[in-house]
Amino acid sequence: RPPRRIVVIGLDTTRPDHFSYYGYSRKTTPEFDEVLSQSVVFSNAWTSAPRTRPSFRSAATGRNPLDAVGAKNIGMVLSEHGFATAGFAANVHLQPRFDFSDGFDDWTYSPGATADAQVDRALNFFKDHGERDAFVFLHIMDPHIFYNAPGPYRDMWVTDPDSALPAKFNRWEVYDMDNRGLLTDQRKAHIEALYDGEMSFMSRELARF
């Protein structure tokens, strides 16, 4: 039989209501929409925790967050069944010292890595293990702030740019803008458009994968 492929993709800070598949006004994710149109889609799914580390622990083990600490994860299970296993993580909370790499043959932590780099790593892993059953956990960080998509994707949805918006900002700086009355409708729309550019770039790279 041909080798089996199992892939789990984690999309960091990704809002369902910004997928065009779910009726968003912008055609942000046409490639991803095509995949969803051919898939079983669970539209009423809930996370076990609203933060990176506990929610990914639960996703990897099938247990509630506290019970998931130290529990056998999906990488361990598939490794025991002869699969080559790899994880490619870009979030600081998924680095090896938090035990997410336990049981995996290979775990690459690249803080803030963009979707194109992550997809390249996953494709190379499958190429190197073409004759084996293989499992990959692929983590995509792009929709997480700083909203700095490469090339034309950065400004592709910006229609009314706020010239005073900093080129780079973190979430607490957005909170500060709001507290100081500086988060105008124009600025909000610009920030949202930058986020949508990240969504579109991510969609294209996942289509390539």
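The values are calculated or read from the model by the stated rules, or taken from the named source; none is laboratory data. Owing to the predicted nature of the structure, the values given are computational and were not obtained by experimental measurement. With ideal geometry, Cβ positions are generated from the backbone for all residues, glycine too; neighbour counts draw on all protein chains shown. Calculation scope for accessible area: heavy atoms of the full protein, side chains included, ligands and nucleic acids excluded. Shrake-Rupley method; radii C 1.70, N 1.55, O 1.52, S 1.80 Å.
Here's the list of lysines a cross-link from Lys188 could span, going by alpha-carbon distance under 17 Å and ignoring same-chain residues fewer than 8 apart: Lys168. In this calculation the C-beta distance from Trp46 to Val92 is compared with R0 = 22 Å, giving a FRET efficiency of 0.35. Simple spin-label estimate for Glu173 and Arg4 gives 4.7 nm between the two label positions (7 Å along the Cα-to-Cβ direction from each Cα).
If the segment from Tyr22 to Ala164 were pulled out straight at 0.36 nm per residue, it would be longer than the present Cα-Cα gap by 47.9 nm.
Taking every eigenvalue of the Cα gyration tensor of segment 117-161, multiplying by 5 and rooting it, what semi-axes result, largest first, whole Å?
Values: eigenvalues 219, 22, 9 Å².
Computed over segment 117-161, the values are 33, 11, 7 Å.
For the residues Val136, Val77, a 1.4 Å probe over the protein chains yields an accessible-area ranking, largest first, of Val77, Val136.
Accessible surface for the chain, divided over its residues, is 56 Å² per residue with a 1.4 Å probe. Each peptide in 200-208, 101-109 receives the mean, over its residues, of other Cβ atoms within 10 Å, and ordering these scores from highest gives 200-208, 101-109.
How large is the convex hull of the Cα atoms of segment 13-94 per residue, expressed in Å³ as a whole number? If you can, show how the numbers build up before the last one.
Working: hull volume 11.6 nm³, N = 82.
Dividing the Cα hull volume of segment 13-94 by its residue count gives 141 Å³.
What dipole magnitude, in Debye to the nearest 20, does the chain give about its Cα centre under +1 on Lys/Arg Cβ and -1 on Asp/Glu Cβ?
Values: 23 positive and 28 negative charges, 76 e Å.
Using only the charged Cβ atoms, the result is roughly 360 debye.
Could you tell me how far the Cα centroid of segment 131-209 sits from the Cα centroid of segment 41-94, in Å? Using only Cα atoms, the two centres lie 25 Å from each other.
Considering only DSSP beta bridges whose two residues both sit in segment 67-201, what percent are antiparallel, to the nearest 5? Antiparallel: roughly 0 percent of the beta bridges in segment 67-201.
Using a 1.4 Å probe over the heavy atoms of the protein chains, calculate the carbon and sulfur portion of the accessible area of segment 70-209 as a whole percent. Working shown, then result.
Values: 3430 of 6870 Å².
The nonpolar share, carbon plus sulfur, comes to 50 percent.
Scaled against 2.2 N^0.38 Å for its residue count N, the alpha carbon radius of gyration of the chain is 1.10. Summing +1 for each Lys or Arg and -1 for each Asp or Glu among the other residues whose beta-carbon sits under 12 angstrom from that of Pro54 gives +3. Based on Cα contacts under 8 Å between residues 6+ apart, the chain shows a relative contact order of 26 percent. Rounded to the nearest 20, the size of the Cβ-charge dipole of segment 11-134 about its Cα centre is 500 debye, with Lys and Arg at +1 and Asp and Glu at -1. Of the residues Pro3, His139, Pro16, the one whose Cα sits farthest towards the positive end of the charge dipole of segment 1-139 is Pro16 (charges of +1 on Lys and Arg Cβ, -1 on Asp and Glu Cβ, taken about the Cα centre). With q set to 0.23, 0.25 Å⁻¹, the log10 of I(q)/I(0) for segment 119-209, from the Debye formula over equal scatterers at the Cα positions, is -1.11, -1.24. Distance between the 7 Å Cα→Cβ label points at Asp185 and Asp116: 3.6 nm.
Where the only charges are on Cβ atoms (+1 Lys, Arg; -1 Asp, Glu), what is the dipole of segment 1-55 about its Cα centre, to the nearest 20 debye? Show your work: numbers first, answer last.
Values: 8 positive and 5 negative charges, 59 e Å.
Using only the charged Cβ atoms, the result is roughly 280 debye.
A simple packing score, the average count of other Cβ atoms within 10 Å per residue, orders the peptides 42-53, 10-21, 188-199 as 188-199, 10-21, 42-53, with the highest score first.
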